Amino acid sequence: MKKKAASELPTQCRILIQGVRDTQDLLNGKWKTPIIGALYYRGKMRFMELRRELDGIAPKMLSQELKDLEMNHLVTRTVYNTMPVTVEYDLTEYGRSLNSIIDAMGKWGIKYREQMLKL
């Protein structure tokens, strides 16, 4: 059987594949999904709270990932005029809309791990 060329894929399929690529680009790397998950399940958090929640992340990496998530409008950064300055991170509405994806990935991962441990 001859494979269809990419240009022969139905339009809806090409659109969905592009959507998956866009999502992968936004959530790429080891830490973005756990950061979003922590903010989704725990709510607003300060930098050090996030760092403690995400075991193993370096401060520089956390800062970099938060900047990237903020740039992509998934996270907001709020600076309070306190002494010392307090900074909180929270998900935007658009960031919160990822909850079904995060939940589905978590459930799938649990089932996968259980299955692999049986082997």
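The values are calculated or read from the model by the stated rules, or taken from the named source; none is laboratory data. Note that the structure is predicted; figures quoted are calculated from it, not measured. We place every Cβ from the backbone using ideal geometry, glycine too, and count neighbours over all the protein chains shown. Accessible surface is based on the protein model in full, side chains and every heavy atom, while ligands, DNA and RNA are left aside. Shrake-Rupley method; radii C 1.70, N 1.55, O 1.52, S 1.80 Å.
If you check residue 94 against the conditions, is it of a type in the set (Phe, Trp, Tyr) and either touching a residue at least 60 places away in the same chain (Cβ under 8 Å) or touching a Lys or Arg at 6+ places or on another chain (Cβ under 8 Å) (or both)?
Working: of a type in the set (Phe, Trp, Tyr): yes; either touching a residue at least 60 places away in the same chain (Cβ under 8 Å) or touching a Lys or Arg at 6+ places or on another chain (Cβ under 8 Å) (or both): no.
Answer is no for this residue.
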Quiz item: For residues in the stretch 92-119 being under 16 Å from residue 23 (Cα atoms) and of a type in the set (A, V, I, L, M), which is surrounded by the most Cβ atoms within 10 Å (Cβ to Cβ)?
Solution: 98
Practice problem: Quickly run through the stretch 77-94 and pick out the residues that are out of contact with any helix residue (DSSP H, G or I) (no Cβ under 7 Å at 6 or more places or on another chain), in a strand (DSSP E or B) and closer than 16 Å to residue 42 by Cα. | Solution: 88
Quiz item: Does the stretch 35-50 hold any residues that are under 24 Å from residue 104 (Cα atoms) and open to solvent by 50 Å² or more (accessible area, probe 1.4 Å), and which are they?
Solution: 40, 41, 42, 44
Exercise. Filter the stretch 52-76 down to residues that are in contact (Cβ under 8 Å) with a residue 24 or more places away in the chain and part of a loop (DSSP other than H, G, I, E, B) and give me whichever is nearest to residue 40 (Cα to Cα).
Key: 74
Practice problem: Mind listing whichever residues of the stretch 95-115 are modelled with pLDDT under 95, more than 11 Å from residue 40 (Cα to Cα) and of a type in the set (Val, Ile, Thr)? | Solution: 101
Quiz item: For residue 55, are the conditions met, namely being under 13 Å from the mean Cα position of the chain (by Cα) and within 26 Å of residue 25 (Cβ to Cβ)?
Solution: no
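Could you list, in sequence order, the residues of the stretch 63-76 that are exposed (fewer than 13 other Cβ atoms within 10 Å of the Cβ) and in contact with a helix residue (DSSP H, G or I) (Cβ under 8 Å, 6 or more places away or on another chain)? Don't jump to the end; show me each part of the working.
Of the residues in the stretch 63-76, the ones exposed (fewer than 13 other Cβ atoms within 10 Å of the Cβ) are 67, 71, 73.
Scanning the stretch 63-76 gives a single hit, 73.
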Self-check item: Condition met for residue 86 (touching a residue at least 40 places away in the same chain (Cβ under 8 Å) and among the β-branched types (Val, Ile, Thr))
Solution: yes
